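What follows is a set of notes on a single structure, which appears directly below.
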Amino acid sequence: MSDALSTQVLVVGGGPGGYVAAIRAGQLGLKTVLVDADQLGGTCLIRGCIPSKALIHAASKFESLQQHVGDGALGIRLPQAPEFDLGGAVHWKNGIVQKLNGGVAGLLKKARVQVVSGWARFEDGKSCIVEGDGGTTTHIQAEHTIIATGSLPVELPGLPFGGDVLSSTDALALRAVPKRLVVVGAGYIGMELGIAFRKMGAEVTVVEATDRMLPSYDADLVKPVQGWCRKQGIDVRFETRALGYADGQLTVETAAGQEQLPCDKVLVTVGRRPNTQGWGLDRLVIDMNGPFIKVNDSCQTSMRKVWAIGDVVGEPMLAHKASAQGEMVAEIIAGQRRKFDPAAIPAVCFTEPEIAGAGLSPDEARAAGLDVVVGHFPLAANGRALTMEAGNSGFVRVTARSDNHLIVGVHAVGAHVSELTGAFVQAIEMGAVLEDLAGIIQVHPTMSESFHEAALAALGHAIHA
């Protein structure tokens with residue numbers, strides 16, 4: 001069975017970039033078709049951000065309950081230790097995913113976007129063939145094409161995914177906690193999931209080929225995470241390369257030679273690569289930027305009326321970046337004047353404790369030739385943090401130019417700091433200076449007071465530290 005469609009906007013990929021682009025295009029009155037071969041929501045909603053945060057929450061809740069066994073804590077005592085049912089947690093996680101997936105479908109319908117399920121293969125930049133279930137094919141002709149095909153986990157040559165060698169997607173679908181887990185890669189995905197499985201009760205070892213954990217963040221931010229790992233018995237091995245897995249043993253190599261690490265599962269989290277294979281990119285006359293599709297500041301490719309957004313165009317590979325680009329491209333197609341030029345793109349690492357930030361670190365600012373002042377405020381001095389058991393470690397840090405006090409970066413490490421990132425990036429995007437933050441009255445008691453106090457510290461007169 002074959003069908004044919006003609007549309008103004010064709011979006012290939014139903015992740016947070018693609019579905020947002022399609023919804024916005026539909027809102028603007030553009031006839032829009034979205035093609036996706038998987039569940040709507042893409043990696044972020046189906047097998048990445050949302051499911052991982054759900055299991056991280058479940059793991060943290062289990063760990064918290066264990067603290068109340070015996071003598072108890074906070075005046076709360078449990079007569080016996082709780083049990084963790086990973087299968088039950090995964091079932092709960094899947095319910096959240098299904099609810100959000102249905103929500104995306106509803107939003108697309110509301111925006112009058114036609115969704116075509118199947119794998120798209122381009123014939124040229126404005127037309128593709130979609131192969132659906134049951135051998136159906138749909139020919140789509142479009143005036144504009146938005147490529148939003150996302151990214152895929154990177155495999156290591158000696159550790160192809162399958163069996164006991166897991167991708168992050170596989171790890172989020174496990175039904176039992178492995179007794180011994182080795183995580184290959186100490187980036188944010190590896191550390192988030194490694195810490196979560198440690199909270200669930202697994203013995204966790206992390207092997208990292210470089211000499212750093214969480215290389216996207218500076219040493220001051222990473223130090224509390226390293227301290228938690230040491231305290232909880234996570235064995236982090238730097239300058240260690242994973243070579244292969246067989247018979248319950250991971251072979252690794254260090255400067256001292258090869259070693260065997262016994263384990264039940266190996267989780268490989270060494271990065272992600274743009275999804276540029278299998279859908280006919282070679283038939284498009286598009287310039288590349290290394291492995292990524294090259295775009296300008298409006299997300300235009302080198303091919304007229306062909307656009308690309310999200311992970312496929314380069315770092316940072318973040319869902320919220322993809323969404324912002326998708327919304328922008330739809331508005332440009334509708335005739336608005338836009339470009340993608342954010343002052344900062346915030347990021348969060350959901351480790352224990354969390355790391356959050358936007359803009360430049362002090363070292364990055366100095367490397368860019370800026371003379372800066374830096375203000376720190378410890379969460380141990382914040383009343384709300386203490387009442388939520390979030391004041392054991394961590395801080396909020398503000399980095400500003402010395403000459404005009406323009407804020408160029410805000411970072412934090414500690415429990416619950418992810419919820420502060422909206423204020424962090426808003427301050428940078430709106431061009432706030434230290435005096436602006438100092439003049440804002442924050443609610444007491446809240447974690448937000450730490451942001452205010454860090455700005456005061458940068459001005460040289462913190463009140464509570």
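The values are calculated or read from the model by the stated rules, or taken from the named source; none is laboratory data. Model, not experiment: these values are computed from the prediction. Cβ placement follows ideal geometry from the backbone for every residue including glycine, while neighbour counts extend to all protein chains displayed. Note: accessible area is taken over every heavy atom of the protein model, side chains too, but ligands, DNA and RNA are not part of it. Shrake-Rupley method; radii C 1.70, N 1.55, O 1.52, S 1.80 Å.
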Next on the checklist: Are there any trypsin sites (Lys or Arg not before Pro) in the range 281-332 that are in a DSSP loop and have at most 13 other Cβ atoms within 10 Å? List them by number.
Outcome noted: ARG304
Checklist entry - Given the range 91-214, what whole percent of its Cα pairs are spread farther than 19 Å? => result 67 percent
Checklist entry - Of all the accessible heavy-atom surface of the range 324-425, with the other protein chains kept in place and a 1.4 Å probe, what percent is carbon and sulfur? => result 47 percent
Checklist entry - At a probe radius of 1.4 Å, what is the per-residue accessible area of MET447, in Å² to the nearest 10? => result 20 Å²
Checklist entry - So, in nm, how far is label ASP403 from label LYS99 when the simple model puts each one 7 Å beyond its Cα toward the Cβ? => result 5.1 nm
Item to check | Neighbour-limited loop hits for trypsin sites (Lys or Arg not before Pro), the range 58-147 (at most 13 other Cβ within 10 Å; DSSP other than H, G, I, E, B) | outcome: ARG77
Checklist entry - What size of dipole, in debye to the nearest 20, comes out for the range 1-127 about its Cα centre when the only charges are +1 on Lys and Arg C-beta atoms and -1 on Asp and Glu C-beta atoms? => result 500 debye
Next on the checklist: Run the reach check for LYS199 against aspartates and glutamates, Cα to Cα strictly under 16 Å, same-chain hits fewer than 8 apart removed. What comes back?
Outcome noted: GLU63, GLU83, ASP85, ASP235, GLU352, GLU354
Checklist entry - What full-extension length gain, to one decimal in nm, is calculated for LEU152 and ASP71 as 0.36 nm per residue of separation minus the Cα-Cα distance? => result 24.5 nm
Checklist entry - Taking the Cβ of ALA37 as the center, what net charge do the other residues with Cβ under 14 Å away carry, scoring Lys and Arg +1 and Asp and Glu -1? => result -2
Checklist outcome for this item: Once Lys and Arg are counted +1 and Asp and Glu -1 for all other residues with Cβ under 15 Å from that of LEU28, the total becomes +3
Checklist entry - What is the calculated FRET efficiency for ALA255 to THR169, with r their C-beta to C-beta distance and R₀ = 35 Å, to the nearest 0.05? => result 0.60
Checklist entry - Going out from 0 in 5 Å bins, what whole percent of all Cα-Cα distances in the range 191-301 drops into each bin? => result 2, 9, 16, 16, 15, 11, 10, 10, 8, 4, 0
Next on the checklist: Can you match mean projected area of the Cα convex hull in nm² to one of these, (1) 34.2; (2) 25.3; (3) 21.7, based on a calculation from the structure here?
Outcome noted: (2)
Checklist entry - Pairs LYS61/LYS223; LYS126/LYS294; LYS53/LYS321; LYS93/LYS223; LYS53/LYS305; LYS53/LYS231: which are spaced more than 25 Å apart, C-alpha to C-alpha? => result LYS93/LYS223; LYS53/LYS305
Next on the checklist: For a quick check: with amide H placed at 1.01 Å from N, whose amide H comes under 5 Å from LEU360's, ignoring anything fewer than 5 positions away on the same chain?
Outcome noted: GLY409, VAL410
Checklist entry - Which value at 222 nm does the chain reach when only helices count, each DSSP H run of 4 or more adding -39,500 (n - 2.57), with the total divided by all residues and rounded to the nearest 500 deg cm²/dmol? => result -9000 deg cm²/dmol
Checklist outcome for this item: Free-by-geometry Cys in the chain, Cβ-Cβ under 4.7 Å as pairing rule, reported as CYS128, CYS229, CYS263, CYS299, CYS349
Checklist entry - Can you tell me the accessible area per residue over the chain, all protein chains present, probe 1.4 angstrom, in square angstrom? => result 46 Å²
Checklist entry - By what distance, in whole Å, do the Cα atoms of the range 318-465 stretch along each of the three principal axes, largest value first? => result 51, 35, 29
Checklist outcome for this item: Per residue, the convex hull enclosing the alpha carbons of the range 330-372 has a volume in Å³ of 109 Å³
Item to check | Computed label-point distance, nm, for sites ASP287 and ASP371 using a 7 Å Cα→Cβ extension | outcome: 3.9 nm
Checklist outcome for this item: All alpha-carbon distances of the range 272-377, grouped into 5 Å bins from 0, give the whole-percent distribution 2, 10, 17, 18, 17, 14, 10, 8, 4, 1, 0
Checklist outcome for this item: The simple spin-label model distance between GLN232 and VAL443, using points 7 Å out along Cα→Cβ, in nm, is 2.9 nm
Checklist outcome for this item: In the range 42-140 the accessible area split gives carbon plus sulfur, as whole percent at 1.4 Å, a share of 54 percent
Checklist entry - How far is the Cα center of the range 51-108 from the Cα center of the range 342-406, in Å? => result 29 Å
Next on the checklist: Rounded to two decimal places and with Rh computed the Kirkwood way over Cα pairs, what is Rg over Rh for the range 367-408?
Outcome noted: 1.18
Checklist entry - If you take the square roots of the eigenvalues of the alpha-carbon gyration tensor of the range 145-219 and sort them as a ≥ b ≥ c, do you get rounded (a/c under 1.5), prolate (a/b over b/c) or oblate? => result oblate
Checklist outcome for this item: In the neighbourhood of GLU331 defined by beta carbon distances under 10 Å, the net charge of the other residues (Lys, Arg +1; Asp, Glu -1) is +2
